[in-house]
Amino acid sequence: MNFLETAVLLFIGSFLLVYLTIPKIIGVVEYKRLMDDPNNRSSHKNRTPTLGGASFFFTLIFAFFFIKNWQLNGEDIYIIPGLTILFIVGLKDDLVVLSAGSKLIAQSLAIAFVLANDSFIIESLNGFLNIYEIPYFLYLAIAGFLMLTIINSYNLIDGIDGLASVVGIVIMMIYTTIFYLSGEYFFALISITMNACLMAFFGFNVSSDKKIFMGDTGSLIVGFVISVLTLKFLALKPEAYEGLPFLLENAPLIAISILIVPLFDTARVFAIRIANKKGPFSPDRNHVHHVLIDFWGLSHKQASFIIGCFNLIFVVLFIILGSKARNTGMVIMLVSVVILLGYVFFRYNYNISTLKQKILLKRKIESLKGNQEKVEKKNKNKS
């Protein structure tokens, strides 16, 4: 069976498996009353089933069995333990909230399995910022930090209906293309599988009567897969870049552009929280998608669509520029765009307490106006 036939069957099988099992998960969650209750930070108003990401886990495990012959270095044996760890931790966090420290330890353990495989080693940055060979211990530090950042960044953008799915679909489409063109068919098939899972889940996530959230179970798994694909992309050998439409030295910038939405949103939110003398992981409604909904009045679907389109356009632009421009110019452009976006969205710096104060103040003013109108009307009647 050739790659195209495998890819089509894998996509259809993964899509159907998720599509057919999610209603069963919804039924179990509702029966066991494991619903997600809305709070003052929530973007939903009704109790909603969670654990949708559980379907991603067993779909990926099945997929690894069917695509094992496409791998070159036994990568699945190193990826599956990491997926299992994050599935268990995400499941427990959805049922019984875990501390950030506990999740960080579990993520580090999952990442350690991947870093133990030689095919993920980044031996050189190929001239990016004039950096070539990098020592192994530095690779471990960079790769570990990179994967942790990606996993948590993706987890943080899962705040409104459809957003995590749309961003994930865009990222998987790009990585499918990159790995297909570079001849890394095993990772292209992983991208296709994850894409099918997200597409099947998306319909339920934005549904009005069969809604379900992926929960931390899903966001940790998807974030882990994205981090693995990103690490593999940066670890590609120079000859693999011959089929790619950008210069070898621009690979790190292309990776950043692919992940621009979760990375920018996380950096912005952390900066605001630290500026407000709060912990970087303290909950609030400072995310970009909250700004689009709360201040610009967009619906969940509209906000998700706009962010997804921005992600896709940004990547295409950087790939076009990366085919000719040197990385110094692209770095300047990337920094300029981030500063501009940071300025636009930093204006909407607010938190829950601030919102409550504004709402209470508004109600007080309306109450005073109402009382004043009653007094005036009463005086008018007397006269």
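The values are calculated or read from the model by the stated rules, or taken from the named source; none is laboratory data. Remember, predicted model here, so these are calculated numbers, not experimental data. Neighbour counts are summed over all protein chains in view; Cβ atoms, including those assigned to glycine, are modelled from backbone coordinates with ideal geometry. Areas reflect the complete protein model, heavy atoms only, side chains present, ligands, DNA and RNA absent. Shrake-Rupley method; radii C 1.70, N 1.55, O 1.52, S 1.80 Å.
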Nearest 10 degrees, 0 to 90: helix 185-205 Cα axis against the chain principal axis: 20
Over the chain: helical MRE at 222 nm, DSSP H runs n ≥ 4 each giving -39500 (n - 2.57), nearest 500: -23500 deg cm²/dmol
Orientation-averaged projected area, Cα convex hull of segment 45-90 (nm²): 4.1
Share of pairwise Cα separations in segment 22-156, more than 23 Å, in percent: 49
Efficiency of FRET between Val316 and Lys374 - r from beta-carbon atoms, R0 41 angstrom, step 0.05: 0.10
Over segment 247-332, equivalent-ellipsoid semi-axes from the Cα gyration tensor in Å: 29, 18, 8
For segment 11-100, the spread of Cα positions along each principal axis, largest first, Å: 49, 32, 23
Estimated FRET transfer efficiency when R0 is 45 angstrom, pair Ile134-Leu34 (beta carbons, to 0.05): 0.50
Percent RCO, i.e. relative contact order, over the chain, from Cα pairs under 8 Å lying at least 6 residues apart: 21
P(r) of the chain over all Cα-Cα pairs, binned every 20 Å from zero, in whole percent: 26, 55, 14, 4, 1
Sparse-neighbour loop sites [trypsin sites (Lys or Arg not before Pro); segment 289-340; at most 11 other C-beta within 10 Å; DSSP]: Lys324
Relative contact order computed over segment 175-249 (Cα-Cα under 8 Å; 6+ residues apart), in percent: 35
Tensor-based shape of segment 66-129 (alpha-carbon gyration tensor, a/c under 1.5 rounded, otherwise prolate or oblate): oblate
C-alpha long axis of helix 100-115 to longest principal axis of the chain, angle in °: 20
At 1.002 mPa s and 20 °C, Stokes D of segment 110-246 from Kirkwood alpha-carbon radius, µm² per second: 134
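For segment 249-327, what relative contact order do you get, as a whole percent, if you take Cα pairs closer than 8 Å and at least 6 residues apart?
46
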Rounded tilt (10° steps) of 136-156 against the dominant C-alpha axis of the chain: 40
Per residue accessible area of the chain, 1.4 Å probe, in Å²: 50
Options Leu83, Phe64, Asn46, ranked by Cα towards positive dipole end of segment 1-135, top entry (Cβ charges): Asn46
Given Lys301/Lys369; Lys32/Lys103; Lys103/Lys211; Lys232/Lys277, the pairs whose alpha carbons are separated by over 30 Å: Lys301/Lys369; Lys232/Lys277
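Applying 1/(1 + (r/R0)^6) with R0 = 22 Å to the Cβ-Cβ distance of Ala275 and Val331, what FRET efficiency is obtained, to the nearest 0.05?
E between Ala275 and Val331, to the nearest 0.05, is 0.30.
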Segment 140-164-segment 275-312 distance, computed between alpha-carbon centres (Å): 15
Residue (of Val8, Gly308, Gly223) at the positive-pole extreme of the chain, dipole from beta-carbon charges: Gly308
The chain - percent of accessible surface contributed by carbon and sulfur, probe 1.4 Å: 66
Cα-based Rg / Dmax (Å) for segment 199-342: 17.4, 50
